[in-house]
Every structure is written in C-alpha cells, then in structure tokens.
Amino acid sequence: MRMVFRWFGEGNDLIPLEHVKQIPGVEGIVWALHDIPVGEEWPFDRIEEVKEQADLHGFNIDVVESVNIHEDIKLGLPSRDQYIENYKRTIEKLSQVGVKVICYNFMPVFDWTRTDLFKELEDGSTALFFENEKIKDIDPLELVKEISSNFTQTMPGWEPERLKYLTKLFELYQEVTEEDLWNNLQYFLEQIIPVAEENNIKMAIHPDDPPFSVFSLPRIIINKENIERFLKLVDHPANGLTLCSGSLGANLNNNVAEMVREFADRIHFAHIRNVKTYENGDFIETSHRSSDGSVDILSIMKAYHDIGFTGYARPDHGRHIWDEKCRPGYGLYDRGLGIMYLWGIWDSLERMKKEEV
Ligand code: CS2
Ligand code: MN
C-alpha cells in the first residue's frame, strides 16, 4: 500500500507541504490543476510546476484526482469528441511527468452531494452531512446557494463556472436515462483506455457519492453489480477503479471489503474513510475508526492486505477538529489521524503475517 495525500495546490490549499511531510509514511501528493476549466487540455508548464513543488519536498505526483469529464461527454452531445481529444492530450502530458493513475468520476452535474458541510458531531467536531429528507424537498439551485454561502474556497465539482449552467444542465439531463449514461461512458472509455495504456497510465473511476440518484439525475457507479458491468465495458487493466469506502458505504447494502476481494487487480487507488449511515438514509462522515461509523474499516484493510494490495491509498475526507480552519472535508488533522489508524492496522497485519511464517 502506497500512502498518498490529497493537496489542492500552492495558494489554493491552506496546508503547506512541509506539514504534509510530517505525517508518517506519505510518499506522494494527489493533485490536479483545479483552475483549468473542465474539458480543456492541461498546459504542460503548469503540470511541470506541480512536479517541481512536489520534488522540493520529496513527494511523488503519481496520482491525479481528478481530470474531470466535461458534461457534453456524459450527455453524449456531438461536441464530446473535441473534449475527448483534449482528454487524450492531457493523458499524454501527464504520462511525460510520470503520472501513473488518473482518478475521475462520471456523475452528472455534481460531484459529491451533501446538505451541510459543518454538521456538529457529539464530540464538538464538525463534518460533512447528508440529510435525505432535505434533498427530497430542496431545489438543487437553492442547495448550491445555501452551501456556497458557507465557504469561500472552491469545492471539487461545485466550481462557480459550472454552477452558472446548472439550470440548463438539468434540462439537458431530463432526456438522459441510466442506459444512455452507460453508453456515453462506454464511448468515452473505448477511446480513452487505449491511450491510457500506451502511456502507462491507469484510469480509475470514482464511485458516485452518494451511491444513489439525487435530484432525479441518473447515477450508475453505485454498487457491486454495476461496478462489474463497468469493468466489462472495456475489459482491460487500464480501465480500473478508485474504490471509495465512504462513498459506497453510504448504502448499507454495499459490502466494501467484499468488493476489495472481488475487484482486487482492478483497484488502482483506494479512498479509505468511514461514514455513519442511518436507516432513514441520512449519513455523516466520522473519524476513520471502525467503531465510529457504519463502514468496517478493519475488514476493508484486512481485505487489502490479503490481496497484497500495492496500489495507492489515501485517507479520504476527515472531520474538522481542533478548531482547524480548512476546506470542508480536507483538513490536515483528522486526515493525519486517519492515516495513523490505517498504518496501525496495516503494520499489525504485516507483523502477524511475518510471525506466521
Ligand atoms: C470526493 C470527490 O469522495 C471524494 O473523494 O472528495 O470530490 C472525489 O474526489 C471525486 O469524485 C473524484 O473524481
Ligand atoms: Mn472518495
């Protein structure tokens, strides 16, 4: 398991790389050019700039999260071909600086969806929260306004330039069924996977978060059956997964440890975090510890250890603790604690394995 840490870039992330360096066992940053509008080709000098910053701290830049997919590709519009070409050029450039994994998602309109970014937990910390009833009644535009008024930094998937087109996008998606979305994903993969392969890059789709339809938009990367179908769309190792335990874990029927075993050789990137899910469909992000949430992180780590996982892993969202002022879900402290929990489990499993021999 190769531990990495998401970092939003110089001037865009409040956490200095010097501090990330002090978390034990982190070998690389998970990065993106967040200011490049979705669909555009990434400029090579900007990519090199990130490589230089990472080099200064001895971090690799092997994992990119995310090169986002333009909505025209998800919608299957004729203009998609140009965006797919741009995507291929970006893959080639990323390969030149040694990138190994590209994470992306295929969720219509929004990336993750929550109703509250700073919901208080019993211990006084705050975390991202999803209230099922609220989502049912609220107009998505209202929710976006309400949520955006709470923070000043751009959130992945909720970029201001996208939000302007929200009404139009919702209209366009009214015509798109789940089957259409599957077809559009296949069209994208058939063109992208050969280029990824030539460039020694693994593509790693992130599951939908939450793993069910919100605002009546189609969502497909939501459970084991659908992931099986996804992997067959282009049955090649370069067509793989970012297995996110927290996203999938928001549906109590999803058994993530089982998925780790089943999809073993197609998991290129592991997102590991916990979430407490309630019968009414609400969920809140908790500490990484198994007993704090509904996701059995211990069993998931055991599964990764059993399959001999050598891919990249990162703690996913954390709570906001110790009065840290941070990007929602992406503070230093709780993600640092998360990493130590994950290493604690991993090191114990390693030691036990050695002693058995
Ligand atoms: C989220 C997403 O759960 C997560 O990891 O932070 O923003 C995620 O990074 C994207 O969906 C991946 O494309
Ligand atoms: Mn994730």
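At-a-glance table
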read-out	value
Value at 222 nm in deg cm²/dmol, rounded to 500, when DSSP H runs of n ≥ 4 in the chain each add -39,500 (n - 2.57)	-12000 deg cm²/dmol
Per-residue Cβ neighbour rank within 10 angstrom, fewest leading, 115, 242, 167	167, 115, 242
Nearby lysines by direct alpha-carbon distance to residue 134 (threshold 30 angstrom, same-chain neighbours under 8 apart not counted)	74, 119, 145, 164, 168, 224, 276, 325
Rounded Å value of the spacing that divides the Cα centres of segment 80-98 and segment 339-357	39 Å
Ordering of 346-354, 96-104, 78-86, 281-289 by packing [mean C-beta count within 10 Å, highest first]	281-289, 96-104, 78-86, 346-354
Phi to ³J(HN,Hα) by Karplus 6.51 cos²θ - 1.76 cosθ + 1.60 over segment 63-77, Hz, x for Gly, Pro	10, 9, 9, 10, 9, 6, 9, 5, 4, 4, 6, 5, 7, x, 7
3J(HN,Hα) from dihedral phi, segment 209-216, Karplus parametrisation 6.51/-1.76/1.60, rounded to Hz, x for glycine, proline	10, x, x, 7, 5, 10, 6, 6
Rel. contact order, % - alpha carbon contacts under 8 angstrom, at least six apart, segment 1-124	24 percent
Length-normalised contact order for the chain - Cα pairs under 8 Å, 6+ apart - percent	17 percent
Built amide H within the under 5 Å cut-off of residue 2, gap 5+	311, 312, 313
Exposure proxy order (Cβ contacts within 10 Å, fewest to most) of 322, 182	322, 182
Bridge type composition, the chain - antiparallel percent by DSSP, nearest 5	25 percent
The chain - Kirkwood radius from inverse mean 1/r over Cα pairs (Å)	20.6 Å
Segment residue 122-residue 137, extension gain: residue separation times 0.36 nm, minus the distance between their alpha carbons	2.7 nm
For 94, 143, 298, order by how many other beta-carbon atoms lie within 10 Å, fewest first	298, 143, 94
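A short reminder: the numbers here are calculations on the coordinates, not readings from a lab. Note that this is a predicted model, so its numbers are computed, not measured. Glycine also receives a Cβ, built like all others from the backbone with ideal geometry; neighbour counts cover every protein chain displayed.
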